[in-house]
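Input: a single structure, listed below in structure tokens.
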Amino acid sequence: MGESTRMIDVEKLISYSEDLVAVLKDRKDITNATQCLQHFTDLRSHCDSDSKEVYRLLQEYEEKIEACKKKTEQAKSEVVDCAEMDYLQKEFQEEFEKERQLKEEFR
């Protein structure tokens, strides 16, 4: 059974080869095949170029995102949060009130 399958495959291969030779005998077909190959090569070159450009832009945007994250973290660390600000304001008011009372007592 393996011999018959192999024989069929060889027959298909011979038939395909004959068809290919017949196609390639025509000069016009060779020219078309050559043009297709050249177009494929050009397309691949453009795709590679575009891919490199996209990768470069991706790296650039990742760097910008990291810089923004760092700036955001720095800004957060420099800003006093509302609860702390309220506490400091209340403490200031108390100290100011104590100072005012001391001035009143000295008069």
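Observations on the model:
- Inter-part distance where the range 8-66 and the range 70-98 are each reduced to a Cα centre, Å: 65
- Estimated from helices alone, the mean residue ellipticity of the chain at 222 nm is -34500 deg cm²/dmol (sum of -39500 (n - 2.57) over DSSP H runs with n ≥ 4, per residue).
- Nearest-ten-degree value, helix 27-78 long axis tilted from longest Cα axis of the chain: 10
- Extending 7 Å from Cα along the Cβ direction at residue 47 and again at residue 81 yields two label points whose distance is 5.2 nm.
- Across the chain, Cα-Cα distances exceeding 16 Å account for 82% of all pairs.
Here, each number is a calculation from the coordinates, and none is a lab measurement. All values reported here derive from a predicted model rather than from experimental measurement. FYI the Cβ positions are ideal-geometry reconstructions off the backbone, even for glycines, and counts take in every protein chain you see.
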